[in-house]
Every structure is written in C-alpha cells, then in structure tokens.
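Following: one structure in structure tokens, then a few remarks.
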Amino acid sequence: MSLTRRRAAASLAGLPLALAAPGAVAAAATKARTTVYLAGDSTAATKQPTAAPETGWGMALPFFLAGDRFTVANHAVNGRSSKSFYDEGRLTPILAALRPGDLLLVQFGHNDEKTEDPARGTDPQTTYPRYLRLYLDGARERGAHPVLLTSVERRRFDAAGNALPTHGAYPDAVRRLARAERVPLVDVQASSLALWQRLGPVATQGCFNWLRPGESPNYPAGVQDNTHFQPHGAIEVARLVARELAARRVLRPGDVRRLDAAIPDSWITW
C-alpha cells in the first residue's frame, strides 16, 4: 500500500487528519460513509417482489445502523455456500469495491451442509474454513474489517417445545476460525436459537415464511418454510446482528440505533 493510501486509511480509522497528506485528506472526505458488505446465502439476501413476503435479514440491517454513517451493500445470494459464492466469482466485485475501514460480514453454512452437492458442499473441518479464509484474507488485504457470522438457526422444535440446533459442526467451525484468525464473531446461531426458544413453536411461525393458502398471491397454496423469514423475523435477526456488532465493539454505540425499538414490518419493501 502506498504512503498516501496508508495515511488515508489512518484518517478513516479516526486518527488525526493533520497527520495525513493532502491527498489522503481528500480521499477521507469523499469516503465519509462506511460500507457494510454482506456475503451470504438466502437467509440474508435481498428478495425479489415475486418472493414476498420472504425477507432476508440483510434487507432489515440498515434500520439498525446510523444512516448518515453507513451504507449496506447486500451481496448475499440464494442457494450459495462459501464455496459456490467464491467459485462463481461473487467475492471478486466485493473485493474490488472494498475500501479501508469498510466491513465485510460473512455468513454461510446452510448450503455448505449440502455435501451431496459437489458445487456447494464443504467439510466443516477442512474446506469450509479454507474457503472462509479467502474472504478474511481478501478483506484484510484491502484494509477492510472482516466479521464472521455463524449460520442463523432454522425453526425446529422437539415435542416438548425445545428449539433445536440444526447446523451440526458448522457453527463450531466458524467459532474456531474466528479465534484462530482473531476476527470478530457474531454468533447468530446461538442468539437466534435462544430467540426461537423464547418465542416458542407458535410465535415463531410469524417470524418464518409460514403462510395460509390464499394469504399471499406468491404462495397460493400456502407455505410452511422453516428456513426463510417473513419481515418480522428478518427484522429481529438483523437486530441480533446489530446488537452483537456493537457488543463486540465492531461498531461504536453511536453507530447503531433502534436496538430496543419496535420496527414496523411495513418498513420492509421489495
């Protein structure tokens, strides 16, 4: 990195601008906002109108970030794993756009678990962390800050009403990698599982994409989807993410907002 770019990065990190060269000051001035990039799967992705009311939690994340400081660039795509997202070249435009001080949130796992599919499946002990490291290394090389997220939990309960984990060894693989690489961890698997436990089997239907026949023209026969969210669920998962980003000091207290406020489902648009 050139001296000018290092100084620009320093100014963005909050160091005195007087220590930077004039060109770096100008660069910092044009980069007033931090961009939060999201690489992930369908649980986070922006949905098309034909999928409504299905909602990815990335669509709700801006509600909890200071709007004058942050922009969310949601690159999550339905059906992708850490492997297929990378192999399809979807990380490349993110890395090309990253600037010093930006954040890269990385959440995969749902489709990595599909080991019967060679295009997507990964092993939690070997190939899963190997692919995730490519995201971490790419962000660091550009002066950005990577953050690992465990997979948000599905809706599954036993006969006694206990919320059950569904992701096997994959969340622990992310936790180990975060420790080894010394990057922040947002443990959405743990926090979402606790949330589903508090809400219980009935109330969680309003978080996930459960619809009666005729309730939505996009699902005329109804749907009972225990993986993807309706607006309310996406909002609550995004709240978990924002709260943990603040708790891990990835974000400062003034960077987040509405953590305890009710957010109307109508704020979600397709």
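The values are calculated or read from the model by the stated rules, or taken from the named source; none is laboratory data. Bear in mind the structure is a predicted one, so any value in this text is a computation, not a measurement. With ideal geometry, Cβ positions are generated from the backbone for all residues, glycine too; neighbour counts draw on all protein chains shown. Each accessible area value is taken on the protein alone, full model and side chains, heavy atoms only, with ligands, DNA and RNA left out. Shrake-Rupley method; radii C 1.70, N 1.55, O 1.52, S 1.80 Å.
Structure above, values below:
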read-out	value
Accessible surface, 1.4 Å probe, highest first, among residues TRP267, TRP57	TRP267, TRP57
Using distinct alpha-carbon pairs, which all enter the 1/r mean, Kirkwood radius of the stretch 125-236 in Å	15.9 Å
Residue of ALA242, ALA160, ALA66 that the Gaussian network model of the chain assigns the largest fluctuation, springs spanning Cα pairs under 10 Å	ALA160
Rg to Rh quotient for the stretch 207-270, alpha carbon positions, Kirkwood Rh	1.12
Over the chain, equivalent-ellipsoid semi-axes from the Cα gyration tensor in Å	33, 21, 17
Cα-based helix-to-principal-axis angle, 3-12 vs the chain, degrees rounded to 10	50 degrees
Average accessible surface area per residue within the chain, 1.4 Å rolling probe, Å²	46 Å²
Karplus 3J(HN,Hα) series, Hz, for the stretch 257-270 with 6.51 cos²θ - 1.76 cosθ + 1.60 (x for Gly, Pro)	8, 6, 4, 10, 9, 6, 10, x, 4, 5, 5, 6, 10, 10
P(r) weight above 24 Å for the stretch 45-186, C-alpha pairs, percent	35 percent
Check: the stretch 145-270 dipole with +1 on Lys, Arg Cβ and -1 on Asp, Glu Cβ, in debye	440 debye
Exposure of ARG130 as accessible area (Å², to 10), given a probe of 1.4 Å and all protein chains	140 Å²
Per-residue [θ]222 nm for the chain (sum of -39500 (n - 2.57) over DSSP H runs n ≥ 4, rounded to 500)	-10500 deg cm²/dmol
Label-point separation, ARG176 to ARG257 (7 Å along Cα→Cβ), nm	4.2 nm
Only Lys, Arg (+1) and Asp, Glu (-1) charged, at Cβ; the chain dipole about Cα centre in debye	1080 debye
Contact order normalised by residue count of the stretch 122-270, Cα under 8 Å, 6+ apart, percent	19 percent
GNM result for the chain, Cα springs below 10 Å: residue of THR227, THR46, THR122 fluctuating most strongly	THR227
Other-chain or far-sequence residues with amide H under 5 Å of VAL72's (modelled H)	VAL36
Most mobile listed residue (GLY214, GLY67, GLY138) in the chain, GNM with C-alpha springs under 10 Å	GLY214
